[in-house]
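S.K.: Sharing a structure with you now.
Read-outs: derived from the displayed coordinates by stated rules, not from any lab. Computed from a prediction, not measured in an experiment: that's the story for all the values here.
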Amino acid sequence: MGRYIGPKSKIARKFGEPIFGADKVLDKRNFPPGQHGLSRKRKKVSEYGVQLSEKQKAKATYGLLEKQFSRTYEQAARMGGITGENLLKLLECRLDNVVYRLGIAPTRAAARQLVSHCHICVNGSVVNIPSYSLKIGDAVSVREKSKSLEVIVNALAGPRKSRYAWLDWDGASMTGKFMQRPEREEIPENIKEQLIVELYSK
């Protein structure tokens, strides 16, 4: 499975939001990248362009490529209920996202790497698939021999992210519990999911 490894500041400037966290470049140059960045900012974008941009922002935020994102959308559409909200809930259930939300890693990209390199366990067993979908009640922990890893120690020692109602964290054992799928209002990402649904409905 491929993944985006290019410059993250360029992506953040494209959407005009710090989707990968605080970004000094975005503060200084809050306009799209490229030779015509400033003039592009003033151009009117078509309805399709707005919808496509929202989908690209969601993909970049959660670190998915097109095929994986499309599969997740199809799964959300089959679930019944509000498809857009289902999509975000499924993205939040991903193991790499939960590792990030628990504060074990500073970014989703770092969380993905920790999972891929076998540093994370689910219910006591090592899982190295970042897209692994957690079920209610699953316990996510740091592998015993990985607890002294610098990236994990630094992430947990840094300022704690907001507590999330659907996750429970025990710092002593470095274990988190996936309590429930989050409701839309509990997900802090600035994503207009209805635009994504409209795009796929064309």
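S.K.: What list of ³J(HN,Hα) values in whole Hz, one per residue of the range 191-197 in order, does the Karplus curve 6.51 cos²θ - 1.76 cosθ + 1.60 (θ = phi - 60°) give from phi, with Gly and Pro shown as x?
M.R.: Computed from phi, the couplings for the range 191-197 are 10, 8, 5, 5, 5, 5, 5 Hz.
S.K.: OK, next. Report ³J(HN,Hα) in whole Hz for each residue of the range 127-141, in order, from the Karplus equation J = 6.51 cos²θ - 1.76 cosθ + 1.60 where θ = phi - 60°; Gly and Pro get x.
M.R.: 10, 10, 10, x, 7, 3, 8, 6, 9, 4, x, 5, 9, 10, 9
S.K.: Near the amide H of Thr175, under 5 Å away, which other amide H atoms are found, from residues 5 or more places off or on another chain, if H is placed in the peptide plane?
M.R.: Those qualifying (amide H under 5 Å, at least 5 residues apart or on another chain) are Asp170.
S.K.: Which whole-Hz couplings ³J(HN,Hα) result when phi for each residue of the range 53-67 is put into the Karplus expression 6.51 cos²θ - 1.76 cosθ + 1.60, θ = phi - 60°, listed in order with x for Gly and Pro?
M.R.: Result, ordered by residue: 4, 5, 5, 5, 5, 5, 4, 5, 4, 8, x, 10, 9, 4, 4 Hz.
S.K.: Going down the list Lys89/Lys135; Lys135/Lys202; Lys57/Lys89; Lys55/Lys192; Lys67/Lys177, which pairs span over 20 Å between their C-alpha atoms?
M.R.: Values: Lys89/Lys135 12 Å; Lys135/Lys202 32 Å; Lys57/Lys89 16 Å; Lys55/Lys192 9 Å; Lys67/Lys177 29 Å.
In this structure, Lys135/Lys202; Lys67/Lys177 lie more than 20 Å apart at Cα.
S.K.: Now, a different point. Give me the distance between the Cα centres of the range 111-174 and the range 42-105, rounded to whole Å.
M.R.: Value for the Cα centre distance between the two parts: 22 Å.
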